[in-house]
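Heads up, the thing below is written out as structure tokens.
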Amino acid sequence: MARALTLVEIIAHSSNQGITLTEITKKIEGSKSTIYALLRTLIEFGYVRTIDPGPRYLPGIALMRLGDLAEMHHPIGQIANPIMQSLCKETGFTIRLAINDRGRPIFVERIDAPGVVRFYTPLGNIELPHVSSAGKAILAQLKSEDAMRVIRGSGLTARTKKTHTTLKSLNLDLELTRKRGYAIDDEEDVEGVFCLGSAFFDHTGQCAGALSATALKTNLSNKEIDRLGSLVREHANRLSRELGAPLR
């Protein structure tokens, strides 16, 4: 038990790129086979997850929920916080940070907009990728076959009358997202709620997640939507640069 808890602590405080088995074994006593077996158990119960290449080990969803770890500054969140604060100030929207979990968004940080309106946006949950601006921003960065594999796994559940429930309509939306550099959730997840999201990238050039800006639905003009969407995209690009992403 002590060794498993030590493993959790090591992984929770690793870099935002995760940590390899070899790196872990340098920090904790025990053979690779023993540590690997413990890691597999932690993965099974959701306390650890892996990303490729590597694999590299990162905090899992259960760990984020436990003690509200998501509120205690996800590694990328520490870097993103001043950028999120800036975006919140410029837009007046609630800003959220989602990490990319195999094509699905997991929201791990949030900056609430000023004022009395607060959105119920729990952190640490895997959310449906086709209904949120962050989810669609992430999907738009995947190869078509990879995006379809994610959608087949999650389904096209209708959350509102505006939700995309066919691959044709979703693909058209993703194509628009690629062209303008940001995604729009126009009451597709929750009625009366409007979101804009844009992907950011890590040092390998892979999509690491997305920033999103959320507010109550108002009669925004197309010009104003594009202005706000461009702000989200610019701040996501700032985060990409902070993460060492290659120039795109």
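The values are calculated or read from the model by the stated rules, or taken from the named source; none is laboratory data. Please read these numbers as outputs of a predicted model, since none were measured by experiment. Using ideal geometry, Cβ is built from the backbone for each residue, glycine included, and neighbour counts are taken over all protein chains shown.
Some observations on this one:
- Search result, residues across the range 1-54 that are of a type in the set (Val, Ile, Thr), part of a loop (DSSP other than H, G, I, E, B) and out of contact with any Pro (no Cβ under 9 Å at 6 or more places or on another chain): ILE28
- Residue, farthest from HIS13 (Cα to Cα), within the range 45-62, restricted to residues that are modelled with pLDDT of 80 or more and either touching an Asp or Glu at 6+ places or on another chain (Cβ under 8 Å) or surrounded by fewer than 20 Cβ atoms within 10 Å (Cβ to Cβ) (or both): PRO55
- Filter result (touching a Ser or Thr at 6+ places or on another chain (Cβ under 6 Å) and loosely packed, with under 14 Cβ neighbours inside 10 Å) within the range 123-170: ALA158
- Hey, ARG241 of a type in the set (Lys, Arg), under 21 Å from PRO129 (Cβ atoms) and free of Cβ contacts under 8 Å to residues at least 60 places away in the same chain or not: no
- Criterion violated by ASN81 - all others in (1) within 19 Å of the chain's Cα centre (by Cα); (2) modelled with pLDDT of 80 or more; (3) within 15 Å of LEU7 (Cα to Cα) satisfied: (3)
- Residues that are acidic (Asp, Glu) and within 18 Å of the chain's Cα centre (by Cα) within the range 189-205 comprise ASP189, ASP202, listed in sequence order.
- Residues within the range 3-42 that are under 24 Å from the mean Cα position of the chain (by Cα), modelled with pLDDT under 85 and either within 15 Å of ARG56 (Cβ to Cβ) or surrounded by fewer than 15 Cβ atoms within 10 Å (Cβ to Cβ) (or both), tallied: 11
The rows are residues; the columns are (1) hydrophobic (A, V, I, L, M, F, W, C); (2) over 20 Å from the mean Cα position of the chain (by Cα); (3) modelled with pLDDT of 95 or more.
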| residue | (1), (2), (3) |
| --- | --- |
| ALA134 | yes, no, yes |
| ALA140 | yes, no, yes |
| LYS143 | no, no, no |
| SER154 | no, no, no |
| LYS161 | no, yes, yes |
| ASP173 | no, no, yes |
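- The numbered conditions (1) crowded, with 20+ Cβ neighbours inside 10 Å; (2) touching a Phe, Trp or Tyr at 6+ places or on another chain (Cβ under 9 Å) are all true for ALA183 except (2).
- Any hit, the range 63-77, residues being modelled with pLDDT of 80 or more and under 20 Å from ALA213 (Cα atoms): yes
- Test: residue in the range 87-95 that is assigned to a strand (DSSP E or B), at pLDDT 90 or above and of a type outside the set (Ser, Thr, Tyr): yes
- All positions within the range 207-226 that are surrounded by 14 or more Cβ atoms within 10 Å (Cβ to Cβ) and either of a type in the set (Phe, Trp, Tyr) or over 17 Å from SER132 (Cα atoms) (or both): LEU220, ASP226
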